[in-house]
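Here the structure is laid out as structure tokens; the discussion comes afterwards.
Any read-out appearing in this document is the output of simple, stated calculations on the displayed coordinates, not a laboratory observation. If you're wondering where the values come from, they're calculated on a predicted model, not measured in any experiment. Cβ: placed from backbone, ideal geometry, glycine included. Neighbour counts: every protein chain shown.
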Amino acid sequence: MRRIALINQKGGVGKTTLTTNLGHALALAGQRVTVIDLDPQGQLASSYGLFRAPRKGIDQVLLQQQGITDVRQGIRDLLTLIPAGEKLQEIEYLQDGGATRARLLQQGLQGMSADQDFVLFDCPPSAGLLVANAIFAADEALIPLCADHMSLNGLIIMLKTLKKFEPYLSKPLTQWIALNRFFPRRKLSKDIAEKLHNHFPEQLLEIPIREAAAIAECPGVGRTIFEYKPNSQSAKEFKALADLLMNSAPALS
């Protein structure tokens, strides 16, 4: 089971869009996938067509130690959703429990079936307790970013944040970088992509997801790109990204 946190402290880089479509792409490739919404905004559920937000979700697991299998929902073939739940924001205000507050998700996942191939965490754009829970529960971190200077600066900050956690992890997280909302004709986009290729050749997943109207329209109708525009360039890119991720072995150390 590969546990991957889609994480970036900067907002607007498309974490939920990437989680939604990458999760479905992996499932369509025959992988058993669970997506977990760790963002209190709860937009992952509506992205899959659940426009009435489920009242219970991962919040019940973290706050009330409810079994994780009790709050999951099958949403597509081989694809399971664990929604945020209406009380998820309360995690950020927990005072009791000391350091164990950051390991609530890790503990909750012990009740998950071992037959899952991928677990994807859609993280909020912050550096709070929910993100700390994702880091401790994950084996890998996938950092989405746009091809602009602000996102590049955000990447450096994110990498420094992950570095601070390393002394407390059983092993360092395998780190991936994915270019999202990419404009291939822009010189700046090409320059940023080249810098990432030069400085992070082992981490960069070299399948950029281009900015496209179809991707932006998908959440409004509660469909993934494979359901909304299955023959589009965007669908091909997400499939290729999923294939690349499946064939990119996480670090053993």
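Structure notes:
- Per-residue Karplus couplings for region 201-218, computed as 6.51 cos²θ - 1.76 cosθ + 1.60 with θ equal to phi - 60°, are listed in order as x, 7, 9, 6, 8, 7, 10, x, 9, 6, 4, 8, 4, 4, 5, 5, 7, 4 Hz, Gly and Pro entered as x.
- Spacing of the modelled spin labels on residue 198 and residue 113, each 7 Å from Cα toward Cβ, amounts to 4.9 nm.
- Percent antiparallel among DSSP beta bridges (both partners in region 2-246, rounded to 5): 10
- Annotation for residue 100 and residue 248: the two label points, set 7 Å from Cα along the Cα-Cβ direction, are 3.6 nm apart.
- Between residue 1 and residue 169, the C-beta separation translates, for a Förster distance of 25 Å, into a calculated FRET efficiency of about 0.90.
- Between residue 50 and residue 160, the C-beta separation translates, for a Förster distance of 45 Å, into a calculated FRET efficiency of about 0.80.
- For trypsin sites (Lys or Arg not before Pro), the sites in region 125-185 that DSSP calls loop and that have at most 16 other Cβ atoms within 10 Å are 185.
- Under-5 Å amide H pairs with residue 142, H placed in peptide plane, nonlocal only: 5, 6, 7, 176
- Cα-based shape type of region 1-53, given that a ≥ b ≥ c are square roots of the gyration tensor eigenvalues and the cut on a/c is 1.5: oblate
- Pair-distance profile P(r), taking every C-alpha pair of the chain, with 5 angstrom steps and integer %: 1, 6, 14, 19, 21, 18, 12, 6, 2, 0, 0
- Of all the options 23, 85, 154, the one that moves most in a Gaussian network model of the chain with Cα springs shorter than 10 angstrom is 154.
- Checking the cross-link pairs 10/195; 10/163; 87/160 against a 28 Å limit on the alpha carbon distance flags 87/160 as lying beyond it.
- Links that overshoot a 27 Å alpha carbon limit, given the list 56/229; 56/171; 164/239; 15/164; 164/236: 56/229; 56/171; 164/239; 164/236
- Efficiency of FRET between residue 65 and residue 90 - r from beta-carbon atoms, R0 22 angstrom, step 0.05: 0.95
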